[in-house]
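Notes follow the structure.
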Amino acid sequence: MENFKEISIRSLKCNPVDIFDKKWALVTAGSGENVNTMTISWGSIGELWGKPVAFTFIRPQRYTKQFVDNNDTYSLCFFTEDWRRQLSYLGTVSGKDENKIEKAGLTVEFIDGTPVFKEAELIMICKKLYKQDLNGESFIDKALDSSVYPTKDYHTMYVSDIVKVFERQ
């Protein structure tokens, strides 16, 4: 992609907590014209099974979940603060109801068959390794279950190998 350089995940210079909490991200999956995205502010980057991994969480009712489930890879795209309004919009509107990507003014491109956004500052291509539905019985802190999941719509957690990282130049 033009204006991007592939970098090593180990050369990233960002706070691993703030990258999701403060910057947010778009998780995007699909192929061809059939692509969907959603904003996430929960997630993590770390090391597991000898690989650099991303932990991504998606609720079952989100339309994007079927795109992630039906593809081997997905992208995590991070943006500058200038895109906050669009990311907020993409987190509240369903791609099932409208072409929200187009309405947000974003441009889909593909890296090795995985959809990404031309306007992003940082792109991670993630290959799914493991997924598991969270459940109420596994909470040690039961207050989290009732406060975060009052309707019991538990996230699915995806553990994914971060296979490529691209940074805007």
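The values are calculated or read from the model by the stated rules, or taken from the named source; none is laboratory data. What you are looking at is a predicted structure, and each value in this text was computed from that prediction instead of being measured. Here the Cβ is made from the backbone with ideal geometry for all residues, glycine too, and neighbour counts use every protein chain on show. Note: areas computed on protein heavy atoms with side chains; ligands, DNA, RNA excluded. Shrake-Rupley method; radii C 1.70, N 1.55, O 1.52, S 1.80 Å.
Tabulated data
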| item | result |
| --- | --- |
| The range 105-169: trypsin sites (Lys or Arg not before Pro) in DSSP loop, at most 15 other beta carbons within 10 Å | LYS118, LYS152 |
| Mean separation of Cα contacts under 8 Å (6+ apart) over length of the range 38-169, as relative contact order % | 33 |
| Difference of contour (0.36 nm per residue) and Cα-Cα distance, ASP72 to LEU129 | 19.6 nm |
| Within a Gaussian network of the chain (alpha carbon springs, distance under 10 Å), most fluctuating of LEU12, LEU144, LEU106 | LEU144 |
| Listed residues GLN86, GLN66, GLN132, most fluctuating in the chain (Gaussian network, C-alpha, under 10 Å) | GLN132 |
| Helical mean residue ellipticity (222 nm; -39500 (n - 2.57) per DSSP H run of 4+; nearest 500) of the chain | -3500 deg cm²/dmol |
| Inter-label distance for VAL17 and SER44, nm, one decimal - labels placed 7 Å from Cα along Cα-to-Cβ | 1.2 |
| Sulfur and carbon atoms: percent of accessible area, the chain [1.4 Å] | 49 |
| Extension reserve of the SER138-THR151 stretch, reckoned as 0.36 nm per residue once the Cα distance is removed | 3.1 nm |
| 16 Å cut-off, amide nitrogen to a point 7 angstrom out along SER31 Cα→Cβ, residues in the range 62-79 | 66-75 |
| Rounded to 5, percent antiparallel among DSSP beta bridges of the range 1-124 | 100 |
| Accessible surface, the range 1-70, averaged per residue in Å² (probe 1.4 Å) | 55 |
| Top of GLU121, GLU33, GLU109 by mean-square fluctuation, Gaussian network on the chain, Cα under 10 Å | GLU33 |
| Net length gained if the chain between PHE55 and ARG10 were fully extended (0.36 nm per residue, minus Cα distance) | 14.5 nm |
| Distance in nm between pseudo-label sites at ARG85 and GLU2 (7 Å out along the Cβ direction from Cα) | 2.6 |
